[in-house]
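Reviewing the structure listed below.
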Amino acid sequence: MLSQHQSRKQVLVKLENLQIFLHPKLLILIEAAQLSPHRHVLEQWIKKLKLASKEAENVLASVESSKHETEEEVDSHSPYSELLNFKLPKDSSDKKNLMKSLENLEDIVNEAMTFVGLLNLPSSRNPKPTQFRETISSPSSKVIGRDKDRDDIVKLLREDITTGSSSYTCNSYSVIGIWGPGGSGKTTLAQYVCEYEKSLQEKYFDLVIWAYFSPEFDIYDLWKKIWGFAFKEACPDFIYLEEIQSKLEEQLRGKMILLVLDNAWYDKRVSVLNVQQLFIPLRSAKSGSKILVTTRMEETAKCFGATNPIPMQELDEEQFLSLFMHHALGYADAHTCNNHVVEMLTSIGKEIASMLCRSPLVATTVAMELRIRPDPDFWLSMLDKVLKGLVLRIESGTSQYWYAGVTSGTRS
């Protein structure tokens, strides 16, 4: 049985844990759940967390208010005295009730933290709100099946902003949007456009700037990225936002600019005013400058100023197969396999490719796994998994993609 001193110390430890860790966790969990795309199925869970948060506030308030009404004060030499300089109830039943409340709150938070992992919501074990893969301006491999799409975008980039209907316009720049689901090839298409513009001997754009739109909307951070990419040097440390805006505007003055914002998103944390503020430095750019935005949602592209966002076109069957086999076979035919093996791999590859929903991301990911082992038995085992409807989980940046094989052999 615990002594009075041990019991008191135990309660203090739990109160400290509640004040410093548990209650902040509850608040973060509530906010994360409310921002989740699954909120409609989380309403009861959110209510439970809110009730727990209220109980935590009541417990801390009641103990705080009893500082001068009850037991002797915490020993000034106690390790808990700095953080919890209050008294505990004298009555043993009150102490038991307090302890019970603290343990109940611990259980709720621990249960919630386990649930968070399943929903891919932020947790205290991972201080980053989400994991993401920052992109660059050049495609990482050969681009297949996007020549026409690239040429269409390049044509829009040269469109007169006073007559064009493709984008929102201001005095110096206009906005073009590309939208489509994750893994559909938006980033690759934007990279392909940048690669083309930079390869021209007679440059149309003085500066081609690439900025990845990270999960935390931060104008200062985006402006620093634009500065570094445009001028090939680290952005100086400016104290005020207005200062970097003014300097950036000065540096871009009179230049024909192409700014690519990759993976743009829009929610209640990003207002129209935020977007307008983000583009302020481009006011000084040469008339005809362009902003190319890639995003998953058509409405997001419109929020960034594109009036007629361009949907990503699905690759046709031949293009998709070429993409898949390019990544799957690699140099196997020339270096490691005889013609008979290559024919077998090609035949198996066609069947696998037909099951992958024509998603460039899935094709590339599965193909790269096959590329490591140009062995017919291994490829057949992959085909067998797909035919049995195995769900392939492919993680890319902040998002997770789930695709099921279709047993009939047709696209879903």
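Compared with the direct C-alpha span, the chain from LYS232 to LEU27 gains 69.7 nm at full extension, assuming 0.36 nm per residue.
For the range 353-358, the Karplus equation 6.51 cos²θ - 1.76 cosθ + 1.60, evaluated at θ = phi - 60°, returns couplings of 4, 5, 9, 9, 6, 6 Hz by residue, with Gly and Pro reported as x. Between VAL260 and ILE209, TRP210, ALA211, LEU292, the built amide H atoms are under 5 Å apart, and every one of these is 5 or more places off in sequence or on another chain. How high is the relative contact order of the range 152-266, in percent, with contacts defined as C-alpha pairs under 8 Å that are six or more residues apart? So the answer I get is 26 percent.
Extension gain, GLU243 to SER138, is 34.7 nm, computed as 0.36 nm per intervening residue step minus the present C-alpha separation.
Counting charges near LYS224 (Lys, Arg +1; Asp, Glu -1) among other residues having Cβ under 14 Å from its Cβ returns a value of -4.
Taking amide hydrogens as placed 1.01 Å from N in the peptide plane, the amide H of ALA285 sits under 5 Å from those of GLY254, each at least 5 positions away in sequence or on another chain.
Applied to the range 360-365, the Karplus parametrisation 6.51 cos²θ - 1.76 cosθ + 1.60 on θ = phi - 60° returns per-residue 3J(HN,Hα) values of x, 5, 5, 4, 5, 5 Hz, with x for Gly and Pro.
Between the listed residues MET344, LEU329, THR365, the Cα displaced farthest toward the positive end of the dipole of the range 296-379, a dipole computed from Cβ unit charges relative to the Cα centre, is found at THR365. Rounded to whole numbers, the Karplus 3J(HN,Hα) couplings from phi for the range 179-194 are 9, x, x, x, x, 8, x, 4, 4, 4, 5, 5, 5, 5, 5, 4 Hz, using 6.51 cos²θ - 1.76 cosθ + 1.60 with θ = phi - 60°, and x at Gly and Pro.
Under 8 Å for C-alpha pairs, at least 6 residues apart: give me the relative contact order for the range 181-337, rounded to a whole percent.
Relative contact order for the range 181-337 comes out at 25 percent.
Modelled label positions at LYS203 and SER322, each set 7 Å beyond Cα in the direction of Cβ, lie 3.1 nm from each other.
Gain on full extension, evaluated as 0.36 nm per residue between ARG158 and LYS255 minus their Cα-Cα distance, stands at 33.4 nm.
Computed from the coordinates by the stated procedures, all read-outs in this text should not be read as laboratory data. Because the structure is a prediction, the values reported are computed rather than measured. Reconstructed Cβ throughout: ideal geometry from the backbone, glycine too, with neighbour counts over all protein chains shown.
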